[in-house]
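Just below is one structure, and these are the notes that go with it.
The values are calculated or read from the model by the stated rules, or taken from the named source; none is laboratory data. On a predicted model such as this, the values are computed, not experimentally measured, just so you know. Here the Cβ is made from the backbone with ideal geometry for all residues, glycine too, and neighbour counts use every protein chain on show. These area figures cover heavy atoms from the full protein model, side chains too; ligands, DNA and RNA do not enter into them. Shrake-Rupley method; radii C 1.70, N 1.55, O 1.52, S 1.80 Å.
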Amino acid sequence: MKEDFAPVLHPIAIADLRPTQMTVGYREVARKRAEWRSRAERDGGEFLGHHMIPAVLGPDATPYIIDHHHLARALYDEGVTQVLVSVIANLGLLKKSQFWTFLDNRNWVHPFDAEGERRTHRDLPRHVGGMADDPYRSLAGELRRAGGYAKDNTPYSEFLWADFLRRRVRAKLVEQHFERAVVKALDLARGHDASYLPGWCGRSDDTNR
């Protein structure tokens, strides 16, 4: 998602931020927690200043974050109480039904659970600490870092890859032998079956078309 948003120059309590997705990859969160711990004492303020969280204001001026959910969860778990946000739209005048329709049409909400099943916006957690673990989202993140696909601006592109992998890599392998799951994911990512996914880096082959 392109980040050219106008920043709000005052901090907002992380506890007040509302997620627009149901899950995160806990391994991804752990990586960001480690990154924060390595920088907190040295340049934590500068880090937060360069990692503002994009949000929209909904009914009752409630801030709903639309990206950087893993970072928000990591900071929350590390005990950080306030962050800077970039408000990209003030939708406070909309009724709740209009608000969620608008977010859905802009791909600013992703109400899919840890099984990859779509739910309603009423099932979204009410704070960042309530987001559940989707191990396949962690697998998709590690796959990208391993060169399985390129970073792409398509909203929720990592979740699209997670859903692709969910149907092809056994949960037991992901949970108990994560490194082996990454190797299998790399092989799958090169195949033509994945060619519809954002950031696909496989080899084009006329015989497979």
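Numbers for the structure displayed
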read-out	value
For the chain, size of Cβ-based charge dipole, Lys and Arg +1, Asp and Glu -1, in debye	380 debye
Anisotropy class of the range 98-209 from Cα gyration tensor, a/c 1.5 cut	oblate
Protection-proxy order for peptides 50-56, 22-28, each taking the mean of Cβ atoms within 10 Å per residue, highest first	22-28, 50-56
The chain: angle of helix 96-105 to the longest principal axis, Cα-based, in degrees nearest 10	40 degrees
Rounded, prolate or oblate (a/c below 1.5 giving rounded, otherwise prolate when a/b exceeds b/c) for the range 44-123 by Cα gyration tensor	oblate
Crossing angle, helix 135-145 versus the chain [Cα axis fit, 0-90 degrees, rounded to tens]	80 degrees
Relative contact order (%) - the range 1-147, alpha-carbon pairs under 8 angstrom, separation at least six	39 percent
By average C-beta atoms within 10 angstrom, highest first, the peptides 41-48, 180-187	180-187, 41-48
Whether the range 81-134 is rounded, prolate or oblate, judged on the alpha carbon gyration tensor where a/c under 1.5 counts as rounded	oblate
Of A89, P111, G79, farthest towards positive along the dipole that unit charges on Lys, Arg, Asp, Glu beta carbons give the range 72-130	A89
In nm, spacing of pseudo-spin labels at Q176 and R42 (7 Å Cα→C-beta vector)	3.9 nm
With every protein chain in place, the chain: carbon and sulfur % of accessible area (1.4 Å)	46 percent
Helix 178-190 axis, angle to the chain major axis (alpha carbon atoms, nearest 10°)	70 degrees
Reach of K96 by Cα under 16 Å, taken over aspartates and glutamates that are not fewer than 8 positions away in the same chain	D60, D104, D123
Cα centroid separation, the range 124-144 to the range 145-173 (Å)	12 Å
Spacing of the two label points (7 Å from each Cα toward its C-beta) at Q98 and E115, in nm	3.6 nm
Per residue, in Å², the accessible surface of the chain once ligands and nucleic acids are set aside, probe 1.4 Å	55 Å²
D16 accessible area, 1.4 Å probe, all protein chains in place, Å² to nearest 10	90 Å²
Length released on extending from A61 to T154, taking residue separation times 0.36 nm less the Cα-Cα span	30.8 nm
